[in-house]
1. Shortest first, in nm, what separates the label point of B:ALA292 from those of the same position in the other copies (7 Å along Cα→Cβ)?
2. Nearest-to-axis residue of chain A, judged by Cβ, for the A-to-B rotation, with distance in whole Å?
3. From the label point of A:GLY144, set 7 Å from Cα along Cα→Cβ, how far away are the matching label points in the other copies, in nm, ordered shortest to longest?
4. Charges at C-beta only: +1 for Lys and Arg, -1 for Asp and Glu. How large is the resulting dipole of chain A about its Cα centre, in Debye rounded to 20?
5. At q = 0.06, 0.09, 0.10 Å⁻¹, what is the log10 ratio I(q)/I(0) for the protein assembly as shown, with the Debye formula run over Cα points and no solvent?
6. Quick one: with label points 7 Å out along Cα→Cβ, list the inter-copy distances for B:PRO24 in nm, shortest first?
7. log₁₀ I(q)/I(0) of the stretch A:34-129 at q = 0.23 Å⁻¹, via Debye over equal Cα point scatterers, no solvent, to two decimals?
8. Quick one: compute the contact order of the stretch B:1-48, relative version, from alpha carbon pairs under 8 angstrom and 6+ residues apart, as a percent.
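Any read-out appearing in this document is the output of simple, stated calculations on the displayed coordinates, not a laboratory observation. The shown structure was predicted, so the numbers you read here are calculated from the model rather than taken from an experiment. Glycine also receives a Cβ, built like all others from the backbone with ideal geometry; neighbour counts cover every protein chain displayed.
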2 protein chains.
Amino acid sequence: MITVLTGGTGGAKLVDGLRQLLPPRELTLIVNTGDDLEWWGQHVSPDLDSIMYVLAGMLSRDRGWGVDGDTFECVQAMRRMGAAAWFNVGDRDLATHLTRTQLLRSGRTLTEATTEIAAALGVQSRILPMSDTRVETRVTTPDGELSFQEYFVRERYRPEVRGVRFVGVERATPAPGVLEAISSADAVVLAPSNPITSIGPILAVPGMREALCETQAPVAAISPIVGDAAVSGPAGALMAAQKLPVSVAGVALAYEDFLDLLLVDEQDADAAAVLGETGLHVHCAKTIMKTAEDKAALAATVLALVTPSAARAG
Amino acid sequence: MITVLTGGTGGAKLVDGLRQLLPPRELTLIVNTGDDLEWWGQHVSPDLDSIMYVLAGMLSRDRGWGVDGDTFECVQAMRRMGAAAWFNVGDRDLATHLTRTQLLRSGRTLTEATTEIAAALGVQSRILPMSDTRVETRVTTPDGELSFQEYFVRERYRPEVRGVRFVGVERATPAPGVLEAISSADAVVLAPSNPITSIGPILAVPGMREALCETQAPVAAISPIVGDAAVSGPAGALMAAQKLPVSVAGVALAYEDFLDLLLVDEQDADAAAVLGETGLHVHCAKTIMKTAEDKAALAATVLALVTPSAARAG
């Protein structure tokens, strides 16, 4: 059993590679919910949706989010009616949000709602939100605090970042099954997701870092930073705001208490050599995923490094 | 000022004719809300929607409901996920329901929400729900009681009807502006809507029949029954269940306490002559509306009969 901590588009790409290689029931996903938002009365979970869609073979690879081939008639009608429709939701995607919202209103937990929707979409892997408690990632900018989607989508991550906090996380507990998925895994993989706002909220849930420290499974991460910048998105600015170097060393530092192995891009061979001297296992590979083959190749590399036959022999 | 009581597809057709002839601000619509339903967490008001859409020039004339040219991607996605999606909602139509539901949740009344949505769609006529209180039309069948949409859409009005009731109507009050729209109108027109489940809920709101009896304006109705059957829909079965003759005489009886003038189809000339002997003004005209010209012609006929210059001279 491979357990993956994931969020964002980099995470969805790695999961797209893993699903090509693993039997679906051998894959468990622990997913960031700090980006969740209430949108026109609907509970939207962007990272849960991306993981459900990629595992169902429905994710739009062009966009990196939402349903492949989706239409946007509803959101366009909202805009014509004058709504502030900066958050784009496709018509088929909306069916997921309507269903989730109804399940939550009927008293289901987010874990239960996710299980029901994933099953309806034909997904056999186990998808777990990091917590059933609402945790909201907030980004502090010179003009005030924004929700993550306001920062990321509405403002296109242009504002200067002064800090990040996860509102509600002190009271949050890991969702049912999350700690067990870490302790009983054959390997734990942190996807090449933003360490601050995709993996960060997961790690901030009380008990999560301890579980990662304590698990017998190897814990590997794939760096979303290549050279001195993120492959995509605002990870660089967010790491800098959190006083982390924007480099593979910064990624290693973010995860230092539990990380066994860091997979970095082949462009970072020099930095990998330096990092390796600290005692961390560091491996180099092509980590930038553009094609389905890139995704499968990176997934194969990480599986070879972390699964018992490979990792223990290595 | 012409005030129209309306519901259903017949009502939308008449309003489509009236909008071709009247300045928009001289038209007030009092609309049935007994058909309203909670659908996937959204507050859907089928009759308010049809009237908003027809006045905005957006109504699908092919279907008689929903937005012209709309797509159905969301509802199809819901069906693929296994939802009981017997109630069909288009993607653009859904924008209306999402907006209404959000406005209601934020504390607006249905009247306020309707005014906001109608304005956003560019409608200048005044659209008033019959009441801001929830009133639910329930149809008793041999297999139990159904909501109106369950009876009409899901069961396609095939079950035998044993009775109709309007749950909550005893506690309902006319929405703000409704009684004034009746008392201050130059004429009041009851659209050729189902007398039991489209006009019936409006009339059942306490104070409504009294207002129609007391207004100085002429009150005219257009019969939705031609010969011994409804032009469309279940009006015949519903009238019979309420012990009314399924005929223009039955329509006259449903409205007898306040009706000044009944417009019936030219096919009912003989019945009109009999009815006329009771003292009711009965006029014959072509009432079946298939084309835009039919709608305008019927609207012109009723306006000529009820507006001061015509009616008072007549």
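1. With the label placed 7 Å along Cα→Cβ, B:ALA292 yields 4.9 nm.
2. A:ASP91, 2
3. List, nearest first: 5.0 nm.
4. Once rounded to the nearest 20, the dipole reads 560 debye.
5. Values, matching the q order: -0.44, -0.76, -0.86.
6. Nearest to farthest, the other copies are at 5.0 nm.
7. Treating every Cα as an identical point scatterer, log10 I(q)/I(0) equals -1.26.
8. 41
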